[in-house]
């Protein structure tokens, strides 16, 4: 007996699985304090006994979905799932993650950067110093998002190293004031360390 077509389509859709995992983790995060508050209110009023039960059921379903998807992701890593106990497989997987992100960064308006420092956090964006794959450093402005220091992101924007002006005289604008954030996704910092090393020549 084969699975329904919609279920096979869902299980093969990485975006759908990611959204489900994200939603279930948020529901699980908020269901715990909601259950405590509802139970405390019911303790004194004895009128909403059904509400803590409902929240517990929703939280339980969210936990099952989160744990199942986490287990599926863990198993899909292959030999690399054992982490430090399989160093070669782990290193190979991290290299593949980096190369995949680097391939995305071949597009004209996409860059792969590591956040070296966050220098200002404002109501509409964040100013930071980023490092590119070749080691070049550049000031960057992240519209409507707050990147974390040390994290590696694939970003979309304007003003990167492929523009005509020297990198040191230009700001990389990630995202847009009107359209919103430009962070596409993040990769593990360990994957960034697998990038090919390039010797930087300094001119005095």
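With the condition kept exactly as written, say whether any residue in region 21-30 is at pLDDT below 85 and under 16 Å from residue 64 (Cβ atoms).
Yes; the residues of region 21-30 include at least one that is at pLDDT below 85 and under 16 Å from residue 64 (Cβ atoms).
Scanning region 96-112 for any residue that is within 30 Å of residue 159 (Cα to Cα), touching a helix residue (DSSP H, G or I) at 6+ places or on another chain (Cβ under 9 Å) and in a strand (DSSP E or B) turns up at least one such residue. Within the bounds of region 41-62, is there any residue that is within 30 Å of residue 141 (Cα to Cα), buried (at least 16 other Cβ atoms within 10 Å of the Cβ) and at pLDDT below 90? Among the residues of region 41-62, not one is within 30 Å of residue 141 (Cα to Cα), buried (at least 16 other Cβ atoms within 10 Å of the Cβ) and at pLDDT below 90, which makes the answer no.
Residues considered: 145, 126. Of these, the only one that is assigned to a loop (DSSP other than H, G, I, E, B) and surrounded by 13 or more Cβ atoms within 10 Å (Cβ to Cβ) is 145.
Of all residues in region 48-74, those being in a loop (DSSP other than H, G, I, E, B) and closer than 10 Å to residue 28 by Cα number 0.
The values are calculated or read from the model by the stated rules, or taken from the named source; none is laboratory data. Since we're looking at a predicted model, the values are computed, not measured. Counting neighbours? That spans all protein chains shown, and the Cβs are built from the backbone with ideal geometry, glycine included.
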